[in-house]
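The values are calculated or read from the model by the stated rules, or taken from the named source; none is laboratory data. Worth saying up front: this structure is predicted, and the values here are computed from it rather than measured. Every residue, glycine among them, receives a Cβ derived from its backbone with ideal geometry; neighbour counts consider all protein chains shown. Surface accessibility is based on the protein's heavy atoms, side chains included, excluding ligands, DNA and RNA. Shrake-Rupley method; radii C 1.70, N 1.55, O 1.52, S 1.80 Å.
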Amino acid sequence: MEWADGKRRCKWANPKNERYIHYHDNEWGVPVYDDGKLFEMLILESFQAGLTWECVLNKREHFRRAFDGFDVEKVSEYDQDRLNALVENRDIIRNRRKIQAAVKNAGVFREIQSEYGSFSDYLWHWTEGKVIYEKGKATSRLSDTVSADLKKRGMGFVGSTIIYAYLQAVGVIYSHDDGCFLERGKSRE
């Protein structure tokens, strides 16, 4: 694949989409410890189910506006009128079940924050704070375990494949392809 800047990237990155290139180069696989960012990515990954990440990423700013800047407290308190308004919002993915899950997940996210002190502490405790380096998978024992725990707590749209993608996105799992300029051991120049 030809890249305008000459850098080789993961095969999933679209060289014609600047937003996607920026996401690949600056966000994907970078460890995240901020609960606000972790909540944002959880919402976005759950909306990816059955779609491409590029589709979701292209609507990210619309999601940010629609979901009050991904403010977990505000989202957890959305009422039926707000849910209906989101379903009518043509700028986001208007799947009623995913929207309902986002609101439910916000409440569970807050419960986890109360229990662990932060969602970050909860998420990173599964690996004892370590980044897992692996490639070529869509699920793992880790994503199976985290997914099962989140489902048990009441979250929706958090199957193992979605959670694996989430863990990659927030840097718990580092998966840059062989040959990518960000492959493990290579600098972020």
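What to note about this one:
- Excluding ligands, DNA and RNA, the accessible surface per residue across the chain is 51 Å² with a 1.4 Å probe.
- Reported to the nearest whole Å, the Cα centre-to-centre distance from the stretch 95-111 to the stretch 112-134 is 20.
- Under a 5 Å amide H cut-off, with hydrogens placed 1.01 Å from N, Y133 pairs with Y174 among residues at least 5 apart or on other chains.
- Surface composition of the chain: carbon plus sulfur atoms hold 46% of the accessible area, using a 1.4 angstrom probe and ignoring ligands, DNA and RNA.
- Which listed pairs, of K11/K74; K7/K151; K7/K135, have C-alpha distances above 30 Å, in listed order: K11/K74; K7/K151
- Shape class for the stretch 26-97, computed from the alpha carbon gyration tensor (a ≥ b ≥ c): oblate, with a/c not under 1.5 and a/b at or below b/c.
- Of the GluC sites (Glu not before Pro) in the stretch 87-162, the ones in a loop by DSSP (not H, G, I, E or B) with at most 11 other beta carbons within 10 Å are E128.
- When the P(r) is computed for the chain, the part past 23 Å accounts for 42% of the Cα-Cα pairs.
- Annotation note: GluC sites (Glu not before Pro) in the stretch 1-64 located in DSSP loop regions with a Cβ neighbour count of at most 15 within 10 Å are E2, E27.
- Cα→Cβ-extended label distance, 7 Å offset, between E77 and N58, nm: 3.5 nm
- Distance from the Cα centroid of the stretch 1-49 to that of the stretch 150-183 is 12 Å (rounded to whole angstrom).
- Cα gyration tensor shape for the stretch 10-55, rounded if a/c is under 1.5, else prolate or oblate: oblate
- Loop trypsin sites (Lys or Arg not before Pro), the stretch 66-111 (other Cβ atoms within 10 Å of the site Cβ: 11 or fewer; DSSP): R90
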